[in-house]
1. Cα-Cα over 20 Å: which of 21/277; 5/149; 257/350; 31/289; 214/355; 214/249?
2. Give the relative contact order (percent, whole number) for region 81-211; include only Cα pairs under 8 Å separated by 6+ residues.
3. At 222 nm, what helix-only mean residue ellipticity would the chain give, in deg cm²/dmol to the nearest 500, using -39500 (n - 2.57) for each DSSP H run of four or more?
4. Which of the peptides 146-159, 302-315, 85-98 is most tightly packed, and how do the rest follow, judged by the mean count of other Cβ atoms within 10 Å per residue?
5. Tell me, what is the per residue accessible area of region 121-249 in Å², probe radius 1.4 Å?
6. Hey, any idea what the orientation-averaged projected area of the convex hull of region 250-347's Cα atoms comes to, in nm²?
7. Toward the positive end of the charge dipole of the chain, about the Cα centre and with charges on Cβ (Lys, Arg +1; Asp, Glu -1), which of 204, 278, 43 goes farthest?
8. Determine the gain in length on full extension of the stretch residue 295-residue 347; use 0.36 nm per residue of separation and subtract their C-alpha separation, reporting nm with one decimal.
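The values are calculated or read from the model by the stated rules, or taken from the named source; none is laboratory data. In this text, all values refer to a predicted model and were calculated from it rather than measured experimentally. Here the Cβ positions follow ideal geometry from the backbone for every residue, glycine too, while neighbour counts run over all protein chains shown. Side chains included, ligands, DNA and RNA excluded: accessible areas come from the protein's heavy atoms. Shrake-Rupley method; radii C 1.70, N 1.55, O 1.52, S 1.80 Å.
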Amino acid sequence: IHEAKQSIDIGAFYLDSQLGKPLTAVLDAIKQAAKRGVKVRIVLESSMRAQSLSAVNFLGKDANIQIRYLPMGKIDGGILHAKYMLVDTRDVFVGSQNFDWKSLSHVHEVGCRVRNAMLAKTILRVFNMDWALCLHHDFATRERLIFAKSNFNVSAERPVQVMYHGKILLVHPAFSPPNLLPQGLDWEQTQWVNLIKSAQHQVLLQVLQFSPVKGWGRKGYWGALDGAIRQVAARGVHVKLIVSNWNLKYPAIQYLKSLSLVPNVAIKYSALPAYSKGFISYARVEHAKVAIIDHDLIWIGTGNWEWSYFHDTRNLALIVQGDEPNRILSQIFWHDWDGPYTHYLNVGQKYRAPKTH
């Protein structure tokens with residue numbers, strides 16, 4: 001944010017700040033950028049307007065800061081759940097972190113920064129779509145935005161090359177939901193399944209919640225991700241999955257127990273200790289959304305691994321091919337897997353999800 005010279009574009013579930021907490025520094029940096037002439041645009045989820053009110057008021061009425069609210073529920077039945085930032089249309093940040101003071105101090109998160117103009121311009125297509133849909137979300141507007149021609153279509157077939165520690169990485173984004181996907185861009189579910197199925201030796205997964213049960217809208221079984229894991233495990237790939245203890249609720253826990261019985265699959269849940277100064281709502285939890293494939297592929301996303309996050313909710317992910325990012329994420333994963341806060345799932349034990357708020 002401090003390096004911004006022309007523009008800052010932010011897509012976020014909500015903004016939630018408390019005076020003196022970590023997000024205050026982020027909001028201060030945004031205000032300073034606006035004062036030096038940087039144009040700031042922020043898109044937030046409309047159903048979380050009340051949650052964002054304090055932070056929005058903190059940003060004030062600067063002419064260079066524009067904030068809009070996206071009514072995803074009316075448009076596609078879900079929410080704007082993404083968490084990303086574009087600076088000067090050349091610098092990208094994507095991660096599991098909400099723009100929330102808790103996320104920066106009381107939640108386990110993973111994010112990724114990539115400096116590449118083509119990648120930024122591709123993600124900007126999605127931001128600009130959502131920016132327009134905040135004001136006009138009729139069918140004709142949506143169709144015009146989806147089929148608008150663009151030269152910026154970074155995809156699995158056309159990844160960008162990024163130099164990192166003297167080596168070339170290949171990077172491309174994927175987005176949800178499919179009904180609001182600009183032409184030429186990749187859908188997250190397809191990319192996630194393809195990523196898992198490409199594994200030859202090892203798959204390491206870490207996420208807040210994983211479930212093949214459709215919890216919202218039409219009920220039923222959703223086998224895309226669950227099936228991909230079972231398929232690779234059946235051919236000998238070793239799969240390890242860490243979920244949060246929020247995932248211990250019924251019926252998701254029953255499906256997790258079933259998956260843990262598959263040969264070559266091991267599942268742990270994380271349970272972080274409570275804050276020493278008292279309970280904090282929606283915090284002290286495993287919130288990352290990462291996949292680590294073999295020794296040269298990673299996925300860093302903003303959505304949990306349930307049907308609604310892929311099918312009616314705005315999310316995005318970065319897929320990176322390269323051994324160094326894989327090594328870094330692997331270190332984070334194994335630190336948790338072997339640490340004191342993760343526990344093997346026991347199929348014979350009854351679990352209860354913890355209090356969240």
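1. 5/149; 31/289; 214/355
2. 16 percent
3. Mean residue ellipticity at 222 nm (helix-derived): -8500 deg cm²/dmol.
4. Peptide ranking by packing, descending: 302-315, 85-98, 146-159.
5. 46 Å²
6. 8.3 nm²
7. The residue sitting farthest along the positive end of the dipole is 278.
8. 15.7 nm
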